[in-house]
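Worksheet: one structure, shown below.
The values are calculated or read from the model by the stated rules, or taken from the named source; none is laboratory data. These numbers come from a predicted model, not from an experiment. Methodologically, a virtual Cβ is constructed for each residue, glycine included, from the backbone with ideal geometry; neighbour enumeration extends over all protein chains shown.
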Amino acid sequence: MELKGAVALVTGGKEGIGRAIAEALIAQGGRVTITGRHEEALRATADEIGAGSIVGDVGDEADAKRTVAEVIREHGRLDILVNNAGYGIFKPLVDTSLEELEAIYRTNVFGPFLMAREAARHFIERGSGEIINIASTSALRGSATRTAYGSTKFALRGMTECWRDELRRHNVRVMLVNPSEVMTEFATKAGSPREPSEKKLRPKEIADAIIGALKVDSRGFVPEFSVFATNPF
């Protein structure tokens with residue numbers, strides 16, 4: 001697709017992978033809005049990168065509806081939705097509470113569902129659109145301490161496959177991206193801090209891969225791809 005002038009909405013865009021994706025789309029000439037729950041940090045990022053911003057919680061139905069509607073009202077349309085908002089909890093099964101599990105599903109699963117549903121209604125009416133879901137290599141293989149986080153990414157991968165089959169007849173492309181370990185604050189916030197390493201991925205690598213997938217002519221698309229560090233050891 002042509003990214004110059006494209007209208008994009010990136011959830012969880014104030015830092016990390018979300019910010020890098022927003023910056024990459026802006027560099028291509030896109031008109032980008034980022035979302036997040038923390039107003040001050042969100043506004044600061046938006047000002048720094050030249051994006052619009054909408055404060056809201058993707059896991060709240062009213063916020064999801066309002067966010068998509070505001071972007072369409074401001075720009076007249078929406079072309080690209082990037083479902084990036086999410087967080088991790090890395091704990092053994094026996095130490096994971098029901099409240100923690102419910103909370104992470106609210107953001108990592110219900111959030112993309114709500115945002116995609118609202119965007120899809122617009123995309124179907126227009127006969128085109130792009131949905132990019134940011135999952136994880138944890139969606140490909142379960143591992144210890146990933147009951148909460150990993151299962152949300154398995155769920156997102158499953159929803160992506162359903163949406164892809166349902167929406168492609170409306171010329172809507174639905175893609176899944178599985179980043180491997182990326183040097184952001186994600187792991188530290190999840191309770192599993194990592195030592196900085198020049199060999200690990202940076203958010204820019206994920207953003208560059210997404211730009212490449214979006215630039216594929218709209219008659220075809222990349223359904224799913226993973227991004228690994230070449231030699232992280």
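List of remarks:
- Positions within the range 52-80 being surrounded by 23 or more Cβ atoms within 10 Å (Cβ to Cβ) and over 30 Å from residue 102 (Cβ atoms), in sequence order: 79
- Inter-residue pairs, beta-carbon under 6 Å, first under 23 Å from residue 169 (Cβ atoms) and in the range 124-142, second assigned to a loop (DSSP other than H, G, I, E, B), 6+ apart: 127/171; 128/171
- Subset tally (residues that are in a loop (DSSP other than H, G, I, E, B) and aliphatic (A, V, I, L, M)) for the range 191-233: 3
- Pairs with Cβ under 7 Å, 6+ apart, first in the range 21-43 and closer than 21 Å to residue 205 by Cβ, second modelled with pLDDT of 95 or more and of a type in the set (S, T, N, Q): 21/84; 34/45; 34/53
- Residue in the range 102-123 that is at positive phi and modelled with pLDDT of 95 or more present: no
- Some residue of the range 33-46 being closer than 27 Å to residue 139 by Cα, surrounded by 14 or more Cβ atoms within 10 Å (Cβ to Cβ), among the aliphatic types (A, V, I, L, M) and modelled with pLDDT of 95 or more: yes
- Single match in 202, 157 (criterion: more than 22 Å from residue 105 (Cα to Cα) and surrounded by fewer than 21 Cβ atoms within 10 Å (Cβ to Cβ)): 202
- Condition met for residue 148 (crowded, with 19+ Cβ neighbours inside 10 Å, closer than 29 Å to residue 100 by Cα and either among the hydrophobic types (A, V, I, L, M, F, W, C) or in contact with a strand residue (DSSP E or B) (Cβ under 6 Å, 6 or more places away or on another chain) (or both)): yes
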